[in-house]
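Report on the following structure.
Values quoted throughout were computed directly from the atomic coordinates according to the rules given, and no laboratory measurement underlies them. Being a predicted model, the structure only gives us computed values, none of them experimental. In this analysis, Cβ positions are derived from the backbone assuming ideal geometry, glycine residues included, and neighbour counts consider all displayed protein chains.
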Amino acid sequence: MAHRALANSWRTTAAVVTAAGLISLGLGTPGASAAGQPRIDLRVLVVDNGGSPVRAIAAQLESTGIPYTTVDLTDPNRPAITAAFLSDTVNGTPRAKYQGVVLPDEAPFGAGSAEQSALEAYERTYGIPQVDAYTWAHPGVGLDLSSYTGSLDGQRAGVTEAGRAGRFGYLDGAFTFEDNSPSVSESYGHVAQPRAGFTSYVDVPVPGGGGRGSLIGEYVHDGRRELVVTFAYHRHQQQFRLLARGIVEWLTQGVHLGRARNSFAVHIDDVFAPDARWDPARNCTSGDLACAGGEAGPPIRMTAADAVHAAQWQREHGFTMDLVYNAGSGEEWRAEHGGADALTDQLLADKAAYRWINHTYTHQYLGCVQDTSTVPWSCARNADGSTRYLSRAGISAEIRANRDWALAKGLPIDRTELVTGEHSGLKTLPQQPDDNPNLAGALADNGIRWTGSDNSREPEQRSVGGALTVPRHPMNVYYNAGTKAEMADEYNWVYTSKADGGSGICESNPASSCLDRPLDTASGYDDHIVPLEARTALGHAVDNDPRPHYAHQSNLAEDRVLYPVLAKVLADYRALFADNTPLENPRQSAIGAELRNRAAWRTAVAHNKVTAYRIGNTVTVTAPSGTRIPVTAPEGTKKQLPLGTTTFGTRYAGARSAWTTPAFPQSSLTLNLP
């Protein structure tokens, strides 16, 4: 019935198909001029029914930086989808207001309805592609009825030859649908064979049957193009994260505002300083205020052999770690050990192998003066009752001494980067609800532009005077664990119920969940924690999230517990992605600049300060002066200069992209597409 309705719609609206529909965005005749071609605005229309597939695609648009307009189908006051809503004329040139359309399914307004007919006519006229975020397999979308309908958990899907040659060519070809819990069905879909006019891009073996069936494919019919997705998903599932780039590139035909890169950076805090150790008998960390009584265990500190291993591991895995160092703590260790410190000597010998970040000289707490007479600690008070803070001079001395030591040793530091010990100086709830008022001045005194913060507390970048924060993802590899057994024991304490001998924190925290049973301390780290933490970190990396992760030097000591997590992230990534889509490894200042650029871009788009469109093979973008503009375009794209052109952007995932601005004295950015 739906198929016949679409055919009838095609016949009734065939009169509106013009030459513009044949030479429109991405479908034009090679070498055609822009004369007589329509203007296609670089904005996406998202028709939202509240379902997770549409929301997932919208989240990818948001993350990439692609402007979009949402029509909420549940809102009785929503605008009607009419020809006037979709298109108009600007200075005598026909304008399509949206370069692509995301729908919940193939016909959310009802086949043959006025709104559906208006949308279909618009797509034909201007050659606008449509994504069906999730639908069932049937002839109306170019597929036979389902060969299989049900759970896809654990199924091995593949990118077809056509998919690799097209918008999904950034993937190596195969991936597995998540199956994180054997007791829960996490993925559901319809597997079916294509009909005429349908090209499958992602398929899967038919469960319980022969051959392969489509999960994502393009249906060309009635003068329109649809990307048909026949499995359900939400934005955090790995299978969607892997396919999201291809869906968006197909939707925009590879020309859009915004850019997306996969990246993974890892900060190793407390380098040169020892870290306290978890006490499995008392279920607390030696030396903590809450760990009174009993004898403190030996601290955890890397050895020279650990340093040799770190440099060798980096070479073998093609990855660079950021060493976040406390030089004063190292000098103190040296003084306490007869002037010898083989660890520092070895790290300095290999200094060029790493990036280095100032972590202050002695890891001093830079916020309020801590009153440790209470458990937990509280902020000390002045005589007038105000909070007593570490002074500007005291903060500055910690930053400066650590920097000067690095310069004297020839460390390749970026003087604009800083991570304070425990992110101190920044607000710390509940004890210190505000930043140390002396922090911003001390950062300015030392030329600090980027200071690390804890993403679990403050996920958004913010200013601290003239500096900006760089939120960092804490890795669930504990600073106070040098061995796998210690890791598993502490993990059990945090993630098991009181009935199972744990702290019960997982029972009272709505954001957490308890283990079904305690981990075996001999095998639990490798069997449970490593794959879980690697999956979490990989999820950030493929979600266009540039924020760095952080662990501690203790995790590179003794059992060297961090390496299995990092190795799995890198191996899993390289097994999933093609060589044209490398995992980038930026330093803190580059990450900070990326987050700053994104925030400025979001603000400009939200305030309707951006105009971007394509006419033929020319893209024009205007934005507020000084705003860096993110653009993705095909290979061969040239940026127009006042005199001549230059190659646009850098290669990534089969396209070129960049943050860019118009060349002086131009007021708008112009790109010439191949």
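Structure above, values below:
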| item | result |
| --- | --- |
| About the Cα centre, charge dipole magnitude for segment 589-672 (Lys/Arg +1, Asp/Glu -1 at Cβ), debye | 100 debye |
| Value of [θ]222 nm, deg cm²/dmol, for the chain, DSSP H segments ≥ 4, -39500 (n - 2.57) each, nearest 500 | -8500 deg cm²/dmol |
| Ordering of 572-585, 119-132, 171-184, 395-408 by burial proxy (mean other Cβ atoms within 10 Å per residue, highest first) | 119-132, 395-408, 572-585, 171-184 |
| Only Lys, Arg (+1) and Asp, Glu (-1) charged, at Cβ; segment 84-215 dipole about Cα centre in debye | 400 debye |
| Globularity index of the chain, i.e. its alpha-carbon radius of gyration over 2.2 N^0.38 Å | 1.08 |
| Subset of 97/639; 568/638; 609/638; 97/638; 409/639; 409/484 violating a 32 Å alpha-carbon distance limit | 568/638; 409/639; 409/484 |
| Inverse of mean 1/r across different Cα pairs in segment 466-591, Kirkwood, Å | 16.0 Å |
| Anisotropy class of segment 252-350 from Cα gyration tensor, a/c 1.5 cut | oblate |
| For peptides 524-532, 601-609, 506-514, 262-270, sequence by mean Cβ density within 10 Å, most packed first | 262-270, 524-532, 601-609, 506-514 |
| Selected from 625, 573, 561, residue furthest toward positive end of dipole (segment 543-650; charges at beta carbon) | 625 |
| Net charge contributed by nearby residues that have their C-beta within less than 9 Å of residue 588 (K/R +1, D/E -1) | 0 |
| Segment 624-674: Rg to Rh, with Rh as the Kirkwood radius over Cα pairs | 0.96 |
| Convex hull volume of segment 203-281 per residue (C-alpha atoms, cubic angstrom) | 232 Å³ |
| Inter-part distance where segment 303-341 and segment 396-437 are each reduced to a Cα centre, Å | 19 Å |
| Nearest 10 degrees, 0 to 90: helix 588-606 Cα axis against the chain principal axis | 40 degrees |
| Angle in degrees between helix 530-541 and the longest Cα principal axis of the chain, rounded to the nearest 10 | 60 degrees |
| Total charge dipole magnitude, segment 580-621, about the Cα centre, Cβ charges on Lys, Arg, Asp, Glu only, Debye to nearest 20 | 160 debye |
| Debye equation applied to the C-alpha atoms of segment 182-319, log10 I(q)/I(0) at 0.10, 0.16, 0.19 Å⁻¹ | -0.69, -0.96, -1.16 |
| Cα point-scatterer Debye curve for segment 589-672, base-10 log of I(q)/I(0) at q = 0.17, 0.18, 0.23 Å⁻¹ | -0.72, -0.80, -1.23 |
| Per-residue ³J(HN,Hα) for segment 127-142, Karplus 6.51 cos²θ - 1.76 cosθ + 1.60, θ = phi - 60°, Hz, x for Gly and Pro | x, 8, x, 10, 9, 8, 4, 6, 8, 8, 7, 6, x, x, 10, x |
| Degrees, to the nearest 10: 114-126 long Cα axis against longest axis of the chain | 90 degrees |
| Packing-based order for 463-472, 100-109, using average beta carbon neighbours within 10 Å, highest first | 100-109, 463-472 |
